[in-house]
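Student: Provided herewith is a single structure, encoded as structure tokens, for subsequent inquiry.
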């Protein structure tokens, strides 16, 4: 070993690219390319939609109905993920039982199945004449071409993200922390509420956000099961559809400017919502990062 | 809260590991240190006491009442797991208040303040555990365990990851606590100095079996288990296989005559002028290096490597590699191992 090697002043010339500015440049170029792919189509969308088109789109009763329908149903779908998805994630993380890997595969199924098939499957279950059709009618939750159909499809495609994210987050909680809590006198339910859930919350919330995003962007299943949404249940507006189906229709009818305007409007709302959550995390205003930040 | 604890014939299974039978008696204010190599079953014993592993046989009696069927949260133990188990999402004060909070105990605020004060944590009350040093985290864990007013403190590796000063401080705190509050303790440790500073008795485990159970004086004078012998400073430990060959009059034969079923242990022999009548051995220095307790020389004699410590002040010249040195082993200091498990 000569003096230059031992000194470590400069890396051997052949390896300099791994540590020098080139390495950073490589990272910037690669991630920058991906970012461009994300941003450019969106910019194109905004470019094709002049501001006054956006304003008029936001004033249209049809667009408002579609927006309301989309946000309301996706909200209910996320609520269903909270009620059913989080407990399932907890169960998969904390318990061992025969056939658990089968259950885990089944949970991941909706993520990989083409969503048109999902709609079709549900369609065969609930079309008029089937027992399930009569049952859903009788309990006041008709599914075919109603807001409940929208919710059903959305839950199907979106809940797995909450289940999978919760499972990972619950599993990541240190078992010794939970044992300490129990030994200090907390029963299982108290430990869940005061320790397990607060520690897993950040991951669970990330899963819920993914679920919401997936629910809002759904179109395949809806084209089959709830192409047109008739008034009923919480929805009493005109016959409408979710925003994705609405935009698809406008586009099919050749109104490219309108399609761009409604898309842009929707993007603005969705982006604002995501930004709000991120800012909340940063400022410590939301509770799920406590302990990682100040003081 | 002072109780008398009696563990009778405790046995437990974890996967393919079997622990026990373990018998243990703890009067108010007593502390027992559990010793053993990694995988000996120390943590398994503590988790069984704490109620996280089911007993296969035996009883855990608190003041005569069998609590072995009770849930962990009903046992009222101050269990501090390895890694402490602090709540990362709660501040120091809220960690300490936790056991009182979940019981809706009146005066929780005042008691928290007292504990913060007692453990010198008041300036850190609003910090999160991730922002504390190792010693501070340890004090929080202890304060939190005491906030539950436990009947027994069960602590896995209290001194893990602490520097010398922090170890010393925590040792003092534990000692005071035992004196003042008379709370019995079961402590797992790898640290001899601190084990002796708080424990009245010792339990030595090996592969789930109790190898030795005695008070501090007995362990120091006559350890019966090879691990325990090393733990209390017998530098030279040999198993029967190492002593098997060796003609009469050799060092191996000398040790073999004094060996128990698990070999022998002896502390550092002395170099230099030896008392009359002590057999002398001669060997070659294989390594020589300083350490915190003086200077250690490894001498090769009759195929055995004997560790010889030269305590300070060390008179020059010190032996160097390849030197021939003479040393004597007092026969009475050679401890047979494995002969008795009291």
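The values are calculated or read from the model by the stated rules, or taken from the named source; none is laboratory data. From a predicted model like this one, the values you see are computed outputs, not experimental measurements. Don't worry about glycine lacking a Cβ; one is built from the backbone with ideal geometry, like all the others, and counts go over all protein chains shown.
Student: Going by the structure shown, is residue B:102 more than 7 Å from chain A (Cβ to nearest Cβ) and buried (at least 16 other Cβ atoms within 10 Å of the Cβ)?
Tutor: Spelling it out, it is not the case that residue B:102 is more than 7 Å from chain A (Cβ to nearest Cβ) and buried (at least 16 other Cβ atoms within 10 Å of the Cβ).
Student: Please go through region B:65-87 and give me each residue that is part of a loop (DSSP other than H, G, I, E, B), more than 8 Å from every other protein chain (Cβ to nearest Cβ) and within 13 Å of residue B:151 (Cβ to Cβ), ordered by number.
Tutor: Initially, region B:65-87 is screened for residues part of a loop (DSSP other than H, G, I, E, B), giving B:67-71, B:75-76, B:81-87.
Keeping just the survivors that are more than 8 Å from every other protein chain (Cβ to nearest Cβ) gives B:67-70.
Result: B:67, B:70.
Student: Separate question: crowded, with 21+ Cβ neighbours inside 10 Å, in contact with a strand residue (DSSP E or B) (Cβ under 8 Å, 6 or more places away or on another chain) and assigned by TED's automatic domain parsing to the domain that holds residue A:270: is that true of residue A:200 in this structure?
Tutor: On the way: crowded, with 21+ Cβ neighbours inside 10 Å: yes; in contact with a strand residue (DSSP E or B) (Cβ under 8 Å, 6 or more places away or on another chain): no; assigned by TED's automatic domain parsing to the domain that holds residue A:270: yes.
No; evaluated as a whole, the condition is false for this residue.
Student: Residue check, residue B:94 against (1) touching a strand residue (DSSP E or B) at 6+ places or on another chain (Cβ under 7 Å); (2) more than 8 Å from chain A (Cβ to nearest Cβ), all met but one. Which one?
Tutor: All conditions are met except number (1).
Student: Would you check if there is a residue in region A:243-253 being modelled with pLDDT under 85, surrounded by 14 or more Cβ atoms within 10 Å (Cβ to Cβ), more than 21 Å from the chain's Cα centre (by Cα) and assigned by TED's automatic domain parsing to the domain that holds residue A:170? Give the steps one after another, and end with the answer.
Tutor: Start the filter on region A:243-253 by keeping residues that are modelled with pLDDT under 85, which leaves none.
No, every residue in region A:243-253 fails to be modelled with pLDDT under 85, surrounded by 14 or more Cβ atoms within 10 Å (Cβ to Cβ), more than 21 Å from the chain's Cα centre (by Cα) and assigned by TED's automatic domain parsing to the domain that holds residue A:170.
Student: What number of residues in region B:66-102 are over 30 Å from the mean Cα position of the chain (by Cα), without any contact (Cβ under 8 Å) to a residue 40 or more places away in the chain and within 18 Å of residue A:185 (Cα to Cα)?
Tutor: Residues in region B:66-102 being over 30 Å from the mean Cα position of the chain (by Cα), without any contact (Cβ under 8 Å) to a residue 40 or more places away in the chain and within 18 Å of residue A:185 (Cα to Cα): 5 in total.
Student: Of all residues in region B:153-177, which are within 14 Å of chain A (Cβ to nearest Cβ) and surrounded by fewer than 23 Cβ atoms within 10 Å (Cβ to Cβ)?
Tutor: B:157, B:160
Student: For region B:112-135, what are the residues that are within 14 Å of chain A (Cβ to nearest Cβ) and either under 28 Å from the mean Cα position of the chain (by Cα) or in a helix (DSSP H, G or I) (or both)?
Tutor: B:112, B:115, B:123, B:124, B:129, B:130, B:131, B:132
Student: Of these, A:71, A:97, A:84, A:38, which one is farther than 30 Å from residue A:148 by Cβ, modelled with pLDDT of 80 or more and assigned by TED's automatic domain parsing to the domain that holds residue A:210?
Tutor: Result: A:97 is the single residue among A:71, A:97, A:84, A:38 that is farther than 30 Å from residue A:148 by Cβ, modelled with pLDDT of 80 or more and assigned by TED's automatic domain parsing to the domain that holds residue A:210.
Student: So which strands (runs of 3 or more DSSP E) stay within region B:142-244 end to end and still have 1 or more residues that are not assigned by TED's automatic domain parsing to the domain that holds residue B:110?
Tutor: Filter on region B:142-244 gives B:236-238.
Student: Checking residue A:146 against (1) within 14 Å of another protein chain (Cβ to nearest Cβ); (2) in contact with a strand residue (DSSP E or B) (Cβ under 6 Å, 6 or more places away or on another chain): exactly one of these is not met. Which one?
Tutor: (1)
Student: (1) within 14 Å of chain B (Cβ to nearest Cβ); (2) at negative phi; (3) without any contact (Cβ under 8 Å) to a residue 24 or more places away in the chain: which one isn't true of residue A:130, the others all being true?
Tutor: The failed condition is (1).
Student: Now a separate question. Would you check which residues across region B:33-54 are away from chain A (no Cβ under 14 Å) and surrounded by fewer than 21 Cβ atoms within 10 Å (Cβ to Cβ) and list them?
Tutor: Scanning region B:33-54 gives B:37, B:38, B:39, B:54.
Student: Let me ask something else about it. Looking at region B:185-195, can you tell me whether even one residue there is more than 29 Å from residue B:12 (Cα to Cα), surrounded by fewer than 17 Cβ atoms within 10 Å (Cβ to Cβ) and free of Cβ contacts under 8 Å to residues at least 60 places away in the same chain?
Tutor: Yes: one or more hits.
Student: If residue B:170 passes every condition in (1) touching a residue at least 60 places away in the same chain (Cβ under 8 Å); (2) touching a helix residue (DSSP H, G or I) at 6+ places or on another chain (Cβ under 6 Å) but one, which one does it miss?
Tutor: Exception for residue B:170: condition (1).
Student: Among the residues of region B:256-303, count how many are part of a loop (DSSP other than H, G, I, E, B) and free of Cβ contacts under 8 Å to residues at least 40 places away in the same chain. Break it down into steps so the answer makes sense when it comes.
Tutor: Initial filter on region B:256-303 (part of a loop (DSSP other than H, G, I, E, B)): B:257-259, B:261-262, B:267-269, B:272-279, B:292-293, B:302-303.
Cutting the leftovers down to free of Cβ contacts under 8 Å to residues at least 40 places away in the same chain gives us B:257, B:272-273, B:276-277, B:292-293.
Of the residues in that region, 7 qualify.
Student: Going by what's in this entry, would residue B:240 be described as surrounded by fewer than 19 Cβ atoms within 10 Å (Cβ to Cβ) and farther than 27 Å from residue B:204 by Cβ?
Tutor: Taking the combined requirement at face value, the residue does not satisfy it.
Student: Go over the candidates A:224, A:239 one by one and state the one that is touching a strand residue (DSSP E or B) at 6+ places or on another chain (Cβ under 9 Å) and within 17 Å of residue A:148 (Cβ to Cβ).
Tutor: A:239
Student: Still on this model: Please determine whether any residue of region A:142-155 is in a helix (DSSP H, G or I) and surrounded by fewer than 19 Cβ atoms within 10 Å (Cβ to Cβ).
Tutor: no
Student: Another question about this same structure. Restricting region A:207-222 to residues that are surrounded by fewer than 23 Cβ atoms within 10 Å (Cβ to Cβ) and farther than 18 Å from residue A:164 by Cβ, which is farthest from the chain's Cα centre (by Cα)?
Tutor: The selected residue is A:220.
Student: Further question on the same structure: Anything in region A:183-241 that is within 14 Å of chain B (Cβ to nearest Cβ) and either within 23 Å of residue A:142 (Cα to Cα) or assigned to a loop (DSSP other than H, G, I, E, B) (or both)? List them, or say none.
Tutor: Result: A:184, A:185, A:186, A:187.
Student: Looking at region B:139-152, which of the residues that are touching a helix residue (DSSP H, G or I) at 6+ places or on another chain (Cβ under 7 Å) and within 11 Å of chain A (Cβ to nearest Cβ) is modelled with the lowest pLDDT?
Tutor: Of everything passing the filter in region B:139-152, B:148 is modelled with the lowest pLDDT.
Student: Can residue A:257 be described as over 30 Å from residue A:105 (Cβ atoms) and within 14 Å of chain B (Cβ to nearest Cβ)?
Tutor: Judged against the criteria, residue A:257 is not a match.
Student: A follow-up question, please. In region B:33-58, what residues are more than 25 Å from residue B:192 (Cβ to Cβ) and in a strand (DSSP E or B)?
Tutor: B:55, B:56, B:57, B:58
Student: Could you check region A:44-75 and list, in sequence order, the residues that are within 30 Å of residue A:203 (Cα to Cα) and surrounded by 20 or more Cβ atoms within 10 Å (Cβ to Cβ)?
Tutor: Quick first cut of region A:44-75, residues within 30 Å of residue A:203 (Cα to Cα) only: A:67-75.
If the condition is that a residue be within 30 Å of residue A:203 (Cα to Cα) and surrounded by 20 or more Cβ atoms within 10 Å (Cβ to Cβ), then A:67, A:69, A:70, A:73, A:74 are the ones that fit.
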